[in-house]
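Accompanying notes for the structure given below.
The values are calculated or read from the model by the stated rules, or taken from the named source; none is laboratory data. As the structure is a computational prediction, the values presented were derived from the model and not from experiment. Cβ sites come from the backbone with ideal geometry, for glycine too, and all protein chains shown count toward neighbours.
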């Protein structure tokens, strides 16, 4: 199972945002929507072995995690409004610490980065932090297939978050020589893993 | 200069489509919007060495080419609505055979695939046709930096188009073992070229 965890520092945590203004009043929700698309879509179908975890830290109720489960997912189309619409439906749920399902394959709960990292670590999932100066993903010969790849949004990853990520033993990996948007990085990670697992 | 040419078989050719329904009434214009984003954006800026050519073949006036010139481009944000909005502004122009500029770095004209291919060939631009069964892009050791990469939309490339593309001597290249959306292929091509030119 591949995991992608994307931190949306300003992404709103109530469902009253307009799908017509996701970059503005929804706190760059458009970035998270593109990450969902790029993590999950194949040309003719869905990547069933992928889980996307969106950590939303915007107002009014910072600290919500929306999980897209590729295996069970339905009603997702590739355009940004489609993933935005599923995010809205998740945010309309009364989120608690225990996950609740909003639409098939989409789950929401209240959580925070520290809890997420501890859970991933306790499950033995290798934690990969994507950063420009990391080890080249093409030079990594151990399997990354069951890892979680952590990325930020337009604000990147804060110093405090980075410290937490490194404290759980994350490996720092780069996908190429230039600094790219997170959704583009996801395409590159998927391709690299496809190449090692489809041979 | 890198070139991407994407064929939108149903993409509408008038400006009266709603930005709220680009997958539907705009003939999968959302695909072309994502291609524009993925071709042109870096994390902190624009790829100035990229040209995107969108060939729109939908109604009411099939055969319009919109060109995004990374060097001169302005007013483009990464969300789909932003590129959709620039496409709308281009389509509002009275397109003729000679290119006219609609907004900085965005040009439109009437044309068709055969004309485009002949122009590219006469300029000595290597023509690359992305297809799943092609030669692996990582095994291609000649430079692809100044090539044009041709892709389809949700309908792929028709038999007739493929024949035209191969008749101008296109090389068939693959970006990985799985069949991917065109916008994802563009990310992979950019990364491969970044790796060869940024060393």
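Kindly state which strands (runs of 3 or more DSSP E) lie completely within the stretch A:118-199 and contain at least 2 residues that are free of Cβ contacts under 8 Å to residues at least 60 places away in the same chain, within 14 Å of chain B (Cβ to nearest Cβ) and surrounded by fewer than 20 Cβ atoms within 10 Å (Cβ to Cβ).
Filter on the stretch A:118-199 gives A:127-136.
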Residue under evaluation residue B:101, criteria (1) assigned to a loop (DSSP other than H, G, I, E, B); (2) closer than 21 Å to residue B:13 by Cα; (3) more than 16 Å from the chain's Cα centre (by Cα), criterion not met:
(1)
Consider residue B:9 carefully, then state whether it is away from chain A (no Cβ under 14 Å), under 12 Å from the mean Cα position of the chain (by Cα) and touching a residue at least 24 places away in the same chain (Cβ under 8 Å).
no
Is there a residue in the stretch A:39-50 that is within 28 Å of residue B:153 (Cα to Cα), assigned to a strand (DSSP E or B), touching a helix residue (DSSP H, G or I) at 6+ places or on another chain (Cβ under 6 Å) and away from every other protein chain (no Cβ under 14 Å)?
no
Name the residues in the stretch A:62-98 that are in contact with a strand residue (DSSP E or B) (Cβ under 7 Å, 6 or more places away or on another chain) and free of Cβ contacts under 8 Å to residues at least 12 places away in the same chain, would you?
A:98
Name the single residue, out of those in the stretch B:104-117 being in contact with a helix residue (DSSP H, G or I) (Cβ under 8 Å, 6 or more places away or on another chain) and assigned to a helix (DSSP H, G or I), that is surrounded by the fewest Cβ atoms within 10 Å (Cβ to Cβ).
B:114
Among the residues of the stretch A:71-93, which ones are away from every other protein chain (no Cβ under 14 Å) and either at pLDDT below 95 or over 16 Å from residue A:14 (Cα atoms) (or both)?
A:71, A:72, A:73, A:74
Among (1) outside any loop (DSSP other than H, G, I, E, B); (2) surrounded by fewer than 17 Cβ atoms within 10 Å (Cβ to Cβ), where does residue A:74 come up short?
(1)
Matching residues, the stretch B:167-184, being touching a strand residue (DSSP E or B) at 6+ places or on another chain (Cβ under 7 Å) and under 19 Å from residue B:116 (Cβ atoms)
B:168, B:169, B:170, B:171, B:172, B:173, B:182
For the stretch B:6-28, name all the residues that are in contact with a strand residue (DSSP E or B) (Cβ under 8 Å, 6 or more places away or on another chain) and either surrounded by fewer than 24 Cβ atoms within 10 Å (Cβ to Cβ) or in a helix (DSSP H, G or I) (or both).
B:9, B:10, B:13, B:27, B:28
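Being touching a residue at least 24 places away in the same chain (Cβ under 8 Å), assigned to a strand (DSSP E or B), in contact with a helix residue (DSSP H, G or I) (Cβ under 9 Å, 6 or more places away or on another chain) and under 30 Å from residue B:143 (Cα atoms) is the requirement here; does residue B:31 meet it? I'd like the intermediate steps shown before the answer.
Working: touching a residue at least 24 places away in the same chain (Cβ under 8 Å): yes; assigned to a strand (DSSP E or B): no; in contact with a helix residue (DSSP H, G or I) (Cβ under 9 Å, 6 or more places away or on another chain): yes; under 30 Å from residue B:143 (Cα atoms): yes.
It is false that residue B:31 is touching a residue at least 24 places away in the same chain (Cβ under 8 Å), assigned to a strand (DSSP E or B), in contact with a helix residue (DSSP H, G or I) (Cβ under 9 Å, 6 or more places away or on another chain) and under 30 Å from residue B:143 (Cα atoms).
Going by what's in this entry, would residue B:66 be described as modelled with pLDDT of 95 or more and either within 14 Å of chain A (Cβ to nearest Cβ) or outside any strand (DSSP E or B) (or both)?
Against the criterion (modelled with pLDDT of 95 or more and either within 14 Å of chain A (Cβ to nearest Cβ) or outside any strand (DSSP E or B) (or both)), residue B:66 does not qualify.
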